[in-house]
Amino acid sequence: MTMKNIFAHSSKATVVFPACFVELPASVAEGKRAAFYLAAEEYLAKEYPEDNYMFTWQVGPTVVMGRHQVAQAEVDLDFCRSNGIDIIRRKSGGGCIFADSGNIMVSVVTGPGAVEGLFVEYAQNVATALCRLGVPASVSGRNDIVVEGVGKICGNAFYHLQNRNIVHGTMLYDSNLDLMAGALTPDRAKLCSKGVKSVKSRVAFLKDSLSMDVSSLRTYLRQELTDRSIRLTEDDIQYIKAIEADYYDPIFLYGKNFRADATVQGRVENCGKIILHFSMCGPQIERVEVGGDYFATGDAETAFQEAFDGRNFTVPSLLAAIDEYHPERTIHGLSKEGLEQLILEQCG
């Protein structure tokens, strides 16, 4: 299918699926690090004509951190190094995930539109495809697909680029639970809030509900969710590799050293964990760093910095800044009342 035909098709599209499947050259179709496939998403979003694209991939043992998470707080770095587990940070929000060859990673690149609605459509279509195989799958919470009464089988995340949206998910067919439990150090409050005691008890495996192997499931997803295809060229791959290099920047991976004079943090229902680190010059806020496992709908770092910069670190001053600037609008699921309650609980 030519680029002209793809563009013509997309101009009439009103939904994401069926999407256009993206085939990679044999030289890079398998065995690359996660950063390569994340870079491929970006490349498609920036360089290819508007359409809905999808591809799947698998990796060796890998931890993929959310964009706003602190590596040292979420990942056992020594365990990962000792066990040959790769560590990568994606550019979408959400929490850490562990992936290996038992996972199917799904990448979707869409055109413009409200990212939340596209995200819901994506999750519902994947769940429906699994239901057709007899798996009682459903969408749960803000970003999960679960097998009813068993556990989570798919975690998803999204982020927005100019006039494009990227959604990616991790589908658990099978996995090394010992490596998963050793690599991740999840927030205890998050585990308690979900009524579970460990990473292991939160997940389910599709192999226990299906008679097909992981390769057949991957083929099935392509058949169910796409109806046409394109193949990337070797020239495309070189551009993708240039983007991939940015993912290995140590500052992007592990962050800059930041001295926090005060920290406000907590979980907000339907939003996730929010962490606000404040650096002060005397009584005034000089810098704000935003962390957590939330999904951003805008530039949260800039919004919170503009709201609180130069303010005194007092509850009335912080609440007045929220009322004036509304930085919560850059975080999916965070309301003005939710942010104010977080400030009151931590600083009041």
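Just a few scattered comments:
- All positions within segment 72-96 that are small (Gly, Ala, Ser) and under 15 Å from the mean Cα position of the chain (by Cα): Ser92, Gly93, Gly94, Gly95
- The strands (runs of 3 or more DSSP E) located wholly in segment 220-286 include none with 3 or more residues which are among the small types (Gly, Ala, Ser).
- Residue within segment 149-171 that is among the small types (Gly, Ala, Ser) and at pLDDT 95 or above present: no
- Hey, Glu340 modelled with pLDDT of 95 or more, open to solvent by less than 50 Å² (accessible area, probe 1.4 Å) and not β-branched (Val, Ile, Thr) or not: yes
- Leu334 being more than 29 Å from Thr185 (Cβ to Cβ) and buried (at least 21 other Cβ atoms within 10 Å of the Cβ): no
- Flag if Thr110 is free of Cβ contacts under 8 Å to residues at least 24 places away in the same chain and within 20 Å of Phe21 (Cα to Cα): no
- Residues that are modelled with pLDDT under 95, farther than 19 Å from Asp249 by Cα and not hydroxyl-bearing (Ser, Thr, Tyr) do occur in segment 100-111.
- Scanning segment 24-47 for residues that are more than 11 Å from Ile88 (Cβ to Cβ) and out of contact with any Leu (no Cβ under 8 Å at 6 or more places or on another chain) yields Ala26, Ser27, Val28, Ala29, Glu30, Gly31, Lys32, Glu41, Tyr43, Leu44, Glu47.
- Annotation note: Cβ proximity below 6 Å between a residue of segment 216-230 that is over 17 Å from Tyr122 (Cβ atoms) and a residue that is at pLDDT below 95 and not in a helix (DSSP H, G or I) (sequence gap 6+ or interchain) occurs for Arg228/Met1.
- Residue count for segment 124-148 under the criterion of being surrounded by 15 or more Cβ atoms within 10 Å (Cβ to Cβ), at pLDDT 90 or above and not in a helix (DSSP H, G or I): the result is 8.
- Only one entry of Arg218, Arg231 meets the criterion of being surrounded by fewer than 17 Cβ atoms within 10 Å (Cβ to Cβ), in contact with a strand residue (DSSP E or B) (Cβ under 8 Å, 6 or more places away or on another chain), within 22 Å of Ala40 (Cα to Cα) and of a type in the set (D, E, K, R), and that entry is Arg231.
- The number of residues in segment 243-259 being free of Cβ contacts under 8 Å to residues at least 12 places away in the same chain and of a type in the set (A, V, I, L, M, F, W, C) comes to 2.
Condition check ((1) at negative phi; (2) within 21 Å of the chain's Cα centre (by Cα); (3) surrounded by fewer than 19 Cβ atoms within 10 Å (Cβ to Cβ); (4) at pLDDT below 95) across all residues:
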residue	(1), (2), (3), (4)
Ile243	yes, yes, yes, no
Tyr247	yes, yes, no, no
Pro250	yes, yes, yes, yes
Leu253	yes, yes, yes, yes
Thr263	yes, no, yes, yes
Gly272	no, yes, no, yes
Met280	yes, no, yes, yes
Thr297	yes, yes, no, yes
Glu301	yes, yes, yes, yes
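The values are calculated or read from the model by the stated rules, or taken from the named source; none is laboratory data. Treat the numbers as computed from the prediction; the structure is a model and nothing was measured. Here the Cβ is made from the backbone with ideal geometry for all residues, glycine too, and neighbour counts use every protein chain on show. Protein only, heavy atoms only, side chains kept; ligands, DNA and RNA dropped before computing areas. Shrake-Rupley method; radii C 1.70, N 1.55, O 1.52, S 1.80 Å.
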